[in-house]
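No lab work stands behind these numbers, since they all come straight from the coordinates. It should be emphasised that the depicted structure is a prediction, and the values quoted were computed from it without experimental measurement. We place every Cβ from the backbone using ideal geometry, glycine too, and count neighbours over all the protein chains shown.
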């Protein structure tokens, strides 16, 4: 006999546009009775007649909601891929005895490297969202020496502009960076800038910054 099916599924919905939503994600959403996610993620399933709950920043409220609906089949929609800086780790800590089904999605970092036309196997991945820019301190000497490649998620107070200022103030004003935002959507934008130029740019807070790569 096969293993019993989990009531809790985490679905990666990619960047939030229908063309990057996988068939597996659509199938998993159809099999759920309840969908919980951000407004953009829920809009992907606007035509699907399911009970829907907007995912707020209050994670304890989310935990209380999930406990209340268990064991009804429930899908948590996360942007990008569940295995890359998402709620998956938090859910596994909150529900340690539950088998959680995970449906992968296309992450913003995957899209960034696709736009750049480069492989991403040699990169070091960091999230600055909700973390201080000083997280980068151990990597600065290697950036200056050109011996490390970084893929960064920005957000919150650690914006691309703040990142540019931080790098410029630590002797890396001429460091070239690739910045992408709203990747995979109609609002997508990409640009190459030096750290000094980035410090004066007006770009969205959430994005992907690639460092240590040459502009072709």
**Request:** State whether the chain is rounded, prolate or oblate according to the following rule on the C-alpha gyration tensor (a ≥ b ≥ c being the square roots of its eigenvalues): a/c under 1.5 gives rounded; otherwise a/b larger than b/c gives prolate, and the remaining case gives oblate.
**Result:** prolate
**Item:** Inter-label distance for residue 68 and residue 5, nm, one decimal - labels placed 7 Å from Cα along Cα-to-Cβ
**Value:** 2.5
**Prompt:** What shape does segment 155-199 take by its C-alpha gyration tensor, where a ≥ b ≥ c are the square roots of the eigenvalues and a/c under 1.5 counts as rounded, a/b above b/c as prolate, and the rest as oblate?
**Reply:** oblate
**Complete:** Taking a crude spin-label model, label points 7 Å out from Cα along the C-beta direction, the residue 147 to residue 60 distance in nm is 4.6
**Message:** Testing the spin-label approximation: label points 7 Å from Cα along Cα→Cβ at residue 40 and residue 129. State their distance in nm.
**Reply:** 0.9
**Spatial separation of Cα centroids for segment 42-116 and segment 186-216, in angstrom** = 28
**Fill in**
Comparing 195, 28, 145 in a Gaussian network model of the chain (Cα, 10 Å), the one with the largest mean-square fluctuation is 145
**Asked** Taking 0.36 nm per intervening residue step and subtracting the Cα-Cα distance, what contour gain separates residue 186 from residue 98 on full extension?
**Response** 27.9 nm
**Item:** Cα-derived Rg over Rh, computed across segment 109-211 with Rh taken as Kirkwood radius
**Value:** 0.92
